[in-house]
Amino acid sequence: MLKRIASIAVVGVFLFSLSGCASAGRHRNMEMQGLRNQISVLEAQIQSKDEEINNLKDNLASVKEAPSLVVSHKAVAEVKSRPNVKQIQMALRNAGYNPGAVDGKMGKQTKSAIRAFQKANGIPVDGKVGKHTWELLAKYLYQKIK
C-alpha cells in the first residue's frame, strides 16, 4: 500500500510538473510573438528610412548637377536695377570669392570679398558695390566661372 501511495504521489508530481510546463510554454509563445511583432515594426521603419535616404540622395545628385543655377533661381531674384545683398553674395561666390553664407546680410566677410574682387579687377577698392563694380560682377550671378 505504501508503494501504491508513493507511485500515485510520483505520478501526481509528474502531472503537476507537466501542467506547469504547458503554462510556461504558452507564456514563452506569447513572448516570442511579441518579439516577432517588434521585429516587424523595426523592419518597416528601416524600409521607410531607406526610402527617405534614397530620395535625399536623388535630390542631392540633382543639386550637384547644376549647383549655381539651382541656388541662384531659388535664392536670387532677377536683377532689375540695383542688386540686393543675396545677388551680390551669389555673384561673388560664383566668381570664386568667399562672401560667407548667402544670407542677404552685408557682413564683414561679404565686404572683404567685395574688396578682393575690386582689387583683382582694378576697380577702386571701397568695399561697396557701385555701378562699375556691379557691371563686372553681374556676369557671375547665374554662371559659375572660377
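Bear in mind that the values in this text are calculations on the coordinates, not laboratory data. Keep in mind the model is a prediction, meaning the values are calculated, not measured.
Subtract the Cα-Cα distance of LEU60 and ASN84 from 0.36 nm times their separation in residues, and report this length gain in nm to one decimal.
Between LEU60 and ASN84, full extension yields an extra 5.9 nm.
Measure up LYS49/LYS86; LYS57/LYS108; LYS108/LYS131 against 25 Å on the Cα-Cα distance and list the ones that go over. Walk me through the numbers before you get to the answer.
Working: LYS49/LYS86 35 Å; LYS57/LYS108 34 Å; LYS108/LYS131 21 Å.
The pairs that break the limit, which is 25 Å between Cα atoms, are LYS49/LYS86; LYS57/LYS108.
Starting from 0.36 nm per residue, how many nanometres of slack lie between SER7 and LYS128 once their C-alpha separation is accounted for?
Working: separation 121, 0.36 × 121 = 43.56 nm, distance 10.69 nm.
Fully extending the segment from SER7 to LYS128 adds 32.9 nm.
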